[in-house]
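Everything below concerns the one structure shown next.
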Amino acid sequence: MTKQNFLIILGTAHLATTPGKCSPDKSLCEYQYSRSRINGIAGKLKKLGYNVVIDMVDSHPNASIKSSSPKTEQSRELQYRCKVVNDLCKRYGNSNCIYVSLHVDAAGSGSQWMNAGGWTAYTSKGKTKADTLAECLYDAAEVHLKSYAAYMEERKKLGMYSKAQKPFRTDTTDGDRDKEVDFYVLAHTACPAVLTENLFQDSKADVDFLLSNEGKEAIENLHVDGIRKYIDAL
Ligand SMILES: [Zn+2]
């Protein structure tokens, strides 16, 4: 597979108008954090010669998405994202595209700090090429979030994370590490699609890490390396 024939579609998370989706102290908002990291990832991949498209750059809903009902707005947003991806898949071919949507997880409603943490990749249910992409992303996460794993262990002792927390959240019952849930953008996109949940927006320790330069670089580089590994093996 040559880089020129392949398209990487990066998915931003949510909108500025989506209710919740911020840390309790509002220092990290998911729509914004996701867009910043996606910009960084897109820049790095383009520099390496890859074709990259972002599904939704704007933070505010366009006229076709905007609604006074958050529920309606969210379903229009998700449909819009899938249409962008699927139109590109038609042009390039499903197996010549991937879709990677970058989110930040939450354990509660966003009103208070919780004690969960860790990194997760999700794919739709069943064995698909997305599982291979997710494995590449887990491999890269284990490299780039190595210091985060130590950081979590230290803070577990201080009670900032519950004892059950793991730096890499997995479900290995089906033979791979990703968790499988039919999220809308995973179930309704034609190409291999992975949604990453990059630590927790309602964990004080995770937010501190995510907002550090080291954290921002780690999140960007794990996506860059995971995606490259997948494309190089095609
Ligand atoms: Zn999200």
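Of everything in the stretch 66-117 that's of a type in the set (S, T, N, Q) and touching a strand residue (DSSP E or B) at 6+ places or on another chain (Cβ under 8 Å), which residue is farthest from the ligand (Cβ to nearest atom)?
N96
Inspect the stretch 156-168 for any residue being closer than 28 Å to K26 by Cβ, within 16 Å of the ligand (Cβ to nearest atom), in a loop (DSSP other than H, G, I, E, B) and basic (K, R) and give the result as yes or no.
Looking for residues that are closer than 28 Å to K26 by Cβ, within 16 Å of the ligand (Cβ to nearest atom), in a loop (DSSP other than H, G, I, E, B) and basic (K, R), one finds none in the stretch 156-168, hence no.
So, in the stretch 12-29, exactly how many residues are out of contact with any helix residue (DSSP H, G or I) (no Cβ under 6 Å at 6 or more places or on another chain), surrounded by 13 or more Cβ atoms within 10 Å (Cβ to Cβ) and not polar (S, T, N, Q)?
4
Taking the condition over 22 Å from S95 (Cα atoms) and within 16 Å of the ligand (Cβ to nearest atom), does D182 pass?
no
Which of the following residues is closer than 30 Å to A187 by Cα, under 16 Å from the mean Cα position of the chain (by Cα) and not in a helix (DSSP H, G or I): A140, A134, A121, A130?
A121
Can you pull out the residues in the stretch 1-18 that are over 19 Å from N96 (Cα atoms) and within 12 Å of the ligand (Cβ to nearest atom)?
The answer is T12, A13, H14, L15, T18.
Filtering the stretch 26-65 down to residues that are among the hydroxyl-bearing types (S, T, Y) and more than 16 Å from the ligand (Cβ to nearest atom), which residue is nearest to N96 (Cα to Cα)?
The selected residue is Y50.
No lab work stands behind these numbers, since they all come straight from the coordinates. What you see is a predicted model; the values in this text were computed from it and never measured. Counting neighbours? That spans all protein chains shown, and the Cβs are built from the backbone with ideal geometry, glycine included.
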